[in-house]
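Asks: Let me give you the structure first, and then I'll get to my questions.
Read the figures in this text as sums done on the coordinates, not as results from a lab. These numbers come from a predicted model, not from an experiment. Positions of Cβ are generated from backbone atoms using ideal geometry, with glycine treated the same way; all protein chains shown enter the neighbour counts.
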Amino acid sequence: MKWLNPDDSTDGVEVRKGGGARRVGKIGGLGAIVVVVISLILGKNPMEMLGFVNNAIPDQTQTQTTGTVTNVGANNDSTLTVRVYNSCNTVWNGILRDKFGKSYSRPRLVMFEGSVQTACGGASSASGPFYCPGDRMVYIDLGFFQELSQRFNAPGQLAKAYVIAHEMGHHIQNLLGMTDQVDAARGRLSEAAYNKLSVKLELQADFYAGLWAHYAEQEQIIQLEQGDIESALGAAGAVGDDRLQREATGTTNPDSFTHGTSAQRIYWFKKGYTSGDFSQGDTFNDPSLN
Ligand SMILES: [Zn+2]
């Protein structure tokens, strides 16, 4: 994957390492507090985090300590993360304007190592990357990229970009109201039925990640090379619930799936990438998912 037209600006970006926080962009921690307060005033529940994989375990016991701050650009993964974040903002700004006549508001991006506090509760690196609808922030654990290439055997730039674009996809779902609808159903559904709804939300985020790759390539922000799509599909397949469960326990329980099988995650990412058609990503009304 080559960057033809990278945007390295850090507006809306912050880095937290070892639990400490420092602003590198224009918006920082105070903004987050304001968002939480506003969401509480409006009676909105700062909802549970939407993770990339099914092992997101909020860890409330970790305390934040002041840590070393890494500047954006200091390592390749943070540069890549900022570039994908910026290009997602560009692509989705265009899709929302053209499709819905809607103005786009970007999420904030937090790159963290160790533990992090969010409106959705505390999280550690074990949570993996996630999006918190309550504070509209995308949290990217930079350590996960190493896990992606080693534990999940999915190396490659586009594999990493897929993870970030998936979380940005959850932000789009939040802007368009899908997240609220799924959250509202939580109380009145059985756990198995709710999990099914969660799978649809997650697969749609995979579709949106594919859609980002399509437009980023079309708009000549990135240039994809031989093996890139395979690398992203490898990542999508590696984080399917069936594969993760089988690896962890030797067996699978489809009722407990919240993100979709490997085959489904590959299918929806690929569909977004090849179609480039927003309207084909309605996982909620797809017969194969009912
Ligand atoms: Zn997700």
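Conditions tested, residue by residue: (1) in contact with a helix residue (DSSP H, G or I) (Cβ under 6 Å, 6 or more places away or on another chain); (2) in contact (Cβ under 8 Å) with a residue 24 or more places away in the chain; (3) of a type in the set (D, E).
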{"residue": "Y104", "(1), (2), (3)": "yes, yes, no"}
{"residue": "F145", "(1), (2), (3)": "yes, yes, no"}
{"residue": "A161", "(1), (2), (3)": "yes, yes, no"}
{"residue": "I164", "(1), (2), (3)": "yes, yes, no"}
{"residue": "M168", "(1), (2), (3)": "yes, yes, no"}
{"residue": "V182", "(1), (2), (3)": "yes, no, no"}
{"residue": "L189", "(1), (2), (3)": "no, no, no"}
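Asks: Please specify each residue of the stretch 99-153 satisfying the condition of being of a type in the set (D, E) and more than 26 Å from E247 (Cβ to Cβ).
Replies: D135
Asks: In this structure, does I164 turn out to be within 16 Å of the ligand (Cβ to nearest atom), under 22 Å from I221 (Cβ atoms) and touching a Ser or Thr at 6+ places or on another chain (Cβ under 9 Å)?
Replies: Taking the combined requirement at face value, the residue satisfies it.
Asks: Being under 14 Å from the mean Cα position of the chain (by Cα) and either of a type in the set (S, T, Y) or surrounded by fewer than 23 Cβ atoms within 10 Å (Cβ to Cβ) (or both) is true for just one of L109, L142, L96, L176. Which residue is that?
Replies: Within the list L109, L142, L96, L176, the selection yields L142.
To keep it simple, each residue is scored yes or no on (1) within 19 Å of the chain's Cα centre (by Cα); (2) polar (S, T, N, Q); (3) within 16 Å of the ligand (Cβ to nearest atom).
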| residue | (1), (2), (3) |
| --- | --- |
| D206 | yes, no, yes |
| Q218 | no, yes, no |
| Q223 | no, yes, no |
| Q226 | no, yes, no |
| I229 | yes, no, no |
| D255 | no, no, no |
| G272 | yes, no, yes |
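Asks: A further question on this structure: Can you tell me which residue in the stretch 167-180 is farthest from H214 (Cα to Cα), limited to those that are within 11 Å of the ligand (Cβ to nearest atom) and polar (S, T, N, Q)?
Replies: Only one residue tops the list, namely T179.
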